[in-house]
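Coordinate-derived values only; no laboratory data. Computed from a predicted model, the values in this text were never measured in an experiment. With ideal geometry, Cβ positions are generated from the backbone for all residues, glycine too; neighbour counts draw on all protein chains shown.
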Amino acid sequence: MFTGIISEIGKIKSLTRQGTNLQIEVEAHKVTPRLDIGASVAINGACQTVVSRGPDYFRVEAIAETLSRTNLDELVRGSLVNLETPLSPADLLHGHIVQGHVDCISRITNITPRDGSTLYTFDYPREYERFLIEKGSVAVDGVSLTIVRVEPSSFQVAVIPHTLENTIFKYRKAGDTVNLEFDIIAKYINQLISRDDKHENRITTEFLKEHGF
């Protein structure tokens, strides 16, 4: 489990095809000493397992399912990536609950600098609209962000200077592909509502409001 607070910006050292899998070697000076073989690490928001490591690099092996759902297959030698190590039970939850299970990819459609922040607009598949709400959370390339506007085919977030400086957002441009993971709480509530629609005493929007959701 992660929180969407990036630990370090890593750099891709090498990429090696192993059948349908992709071995990814990442240079990371801060994160690597904290990773053992078999440990989890989020790369652009995608949870991966460390299969080997050196003094200042680690290697993971992304399977075909991961490559089909994320932007990891677009990486090249020298690409910069967001890295996050897992949440410890004693850590503070500064972002939101992020599983590292990417739902889909998206593209940046617009970047607008504002006084004190930068607005990023992303497109998304319409079937995920039910998981997006203004002031709700979404993980973009593993970064926990607050949604400021939702449209039928796009949503917008405001990135503060600190986040911009400490993630790969500062290198992103319109047209770039990003990974999206929608809020797990929103997913469970949606699932409960969908299942309960078949029963007379179903969960409704009014029920959720009455109980603090």
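Observations on the structure shown:
- If the chain linking Asp115 and Tyr188 were pulled fully straight, counting 0.36 nm for each residue of separation and taking away their Cα-Cα distance, it would gain 22.6 nm.
- Stretching the chain fully between His29 and Lys209 yields a gain of 60.2 nm (0.36 nm per residue, less the alpha carbon separation).
- The equivalent ellipsoid that matches the C-alpha gyration tensor of the range 104-190 spans semi-axes of 21, 13, 12 angstrom, in descending order.
- Cross-link pairs Lys11/Lys187; Lys11/Lys170; Lys13/Lys187; Lys11/Lys173 - those with Cα-Cα distance over 25 Å: Lys11/Lys187; Lys13/Lys187
- Rounded D (µm²/s) - the chain, Kirkwood Rh over Cα pairs, Stokes-Einstein at 20 °C, 1.002 mPa s: 118 µm²/s
- Taking a Cβ cut-off of under 13 Å around Glu27, the surrounding Lys, Arg, Asp and Glu residues balance to a net charge of +3, with basic ones at +1 and acidic ones at -1.
- The chain, relative contact order in percent, only Cα pairs under 8 angstrom and at least six apart counted: 22 percent
- Here is the list for the range 110-145: trypsin sites (Lys or Arg not before Pro) lying in DSSP coil, each with at most 15 other C-beta atoms within 10 angstrom of its C-beta, are Lys135.
- Relative contact order %, the range 8-84, counting alpha carbon pairs below 8 Å whose residues are six or more apart: 39 percent
- Using θ = phi - 60° in the Karplus curve 6.51 cos²θ - 1.76 cosθ + 1.60, the 3J(HN,Hα) couplings for the range 176-188 round to 5, 8, 10, 8, 10, 10, 7, 4, 5, 5, 4, 5, 5 Hz; x is entered for Gly and Pro.
- The calculated FRET efficiency for the pair Arg17 and Glu134, based on their C-beta separation and a Förster distance of 41 Å, comes to about 0.45.
- Here is the list for the range 94-155: GluC sites (Glu not before Pro) lying in DSSP coil, each with at most 16 other C-beta atoms within 10 angstrom of its C-beta, are Glu134.
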